[in-house]
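Report on one structure; see the data block that follows.
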Amino acid sequence: MTSVINLQQIKQQISKAEVDFKRAPNSVTLIGASKTQSADTILAFHNAGLSAVGENYLQEALQKKAQLASHNIEWHFIGGIQSNKSKDVANNFDWIHTIDRFKIAQRISQQRTTMLKPVNCLIQININNQTSKNGVSSSQASELAQQINELDNIQLRGFMVIPEATDNPDIQRKNFALTRETLEKTNQLYGLTLDTLSMGMSQDIEAAIAEGSTMVRIGSALFGERKFGERKLSKRK
Ligand SMILES: *Cc1c(COP(=O)(O)O)cnc(C)c1O
């Protein structure tokens, strides 16, 4: 099992970045990106102080969630959403980060049981228009936000982004800044109060926090390297 020692280290890294970039204390939430990690590993991290996890693959997530049902863990969905599985996505997560079209938002709003609070949702923006990534362009994001904001069982909170991988901190910051500016512009344009930016992963935590991230999704730096490659996992249904 992965050791939990990295957890305090990552939390300190986040706190330091909050100070360095004049962000309010505790304004950045840590989400453990726990794909491929076992329920036991998640529980060990939860017991050590990790309150939220993000999962990419629905079946894997539902299995772990069932195993951990007695624990007060906040579940985030951070994977691609297939429309034929939207009902389970709608009803099993506190947050959905990967809304990329109106139709899927509409389905989620219709399928979310009214026994639950409206689900917190983020629109995924494809900031570099990468063909390999889901998400809407930043020019389409504002209008989509305005439409989704009208849906009953969705609480639209902001945007999520996975910029192209680079170890150049200037480029990292530029992409995150564009995402933040898109959120500010959307709020101004439509009088919304979107307050969440899900941005930053293991390699770009600081740049994301510098540019206003409120949620970082950390996998390998927290849990160690994943045992299976992304490619293999992405073929799983
Ligand atoms: C895997 C994953 C992460 C975490 O990536 P690391 O580089 O391992 O920190 C964050 N967000 C999403 C959507 C992911 O799929």
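Brief remarks on what is shown
- Residue identified as within 16 Å of the ligand (Cβ to nearest atom), on the phi < 0 side of the Ramachandran plot, touching a strand residue (DSSP E or B) at 6+ places or on another chain (Cβ under 6 Å) and in contact (Cβ under 8 Å) with a residue 12 or more places away in the chain among Ile162, Ile127, Ile148, Ile154: Ile127
- For region 57-79, a residue qualifies if it is within 16 Å of the ligand (Cβ to nearest atom) and surrounded by 17 or more Cβ atoms within 10 Å (Cβ to Cβ), and the qualifying residues are Tyr57, Leu58, Glu60, Ala61, Lys64, Trp75, His76, Phe77, Ile78, Gly79.
- Asn187 meets each of the listed conditions (1) within 14 Å of the ligand (Cβ to nearest atom); (2) surrounded by fewer than 18 Cβ atoms within 10 Å (Cβ to Cβ) apart from (1).
- Those residues of region 26-43 which are away from the ligand (no atom under 16 Å from the Cβ) and either under 16 Å from the mean Cα position of the chain (by Cα) or hydrophobic (A, V, I, L, M, F, W, C) (or both), in sequence order: Ser27, Ala39, Leu43
- Flag for Gly54 being over 26 Å from Gln13 (Cβ atoms) and either within 16 Å of the ligand (Cβ to nearest atom) or surrounded by 21 or more Cβ atoms within 10 Å (Cβ to Cβ) (or both): no
- Of all the criteria given as (1) touching a residue at least 24 places away in the same chain (Cβ under 8 Å); (2) more than 19 Å from the chain's Cα centre (by Cα), the one not satisfied by Thr113 is (1).
- Verdict on Ile108 being crowded, with 23+ Cβ neighbours inside 10 Å and more than 13 Å from Asp152 (Cβ to Cβ): no
- Taken over region 111-137, the residue count meeting the criterion of being among the small types (Gly, Ala, Ser) and surrounded by fewer than 21 Cβ atoms within 10 Å (Cβ to Cβ) is 2.
The numbers here are math on the coordinates, done by the rules we state, and not lab data. Because the structure is a prediction, the values reported are computed rather than measured. Methodologically, a virtual Cβ is constructed for each residue, glycine included, from the backbone with ideal geometry; neighbour enumeration extends over all protein chains shown.
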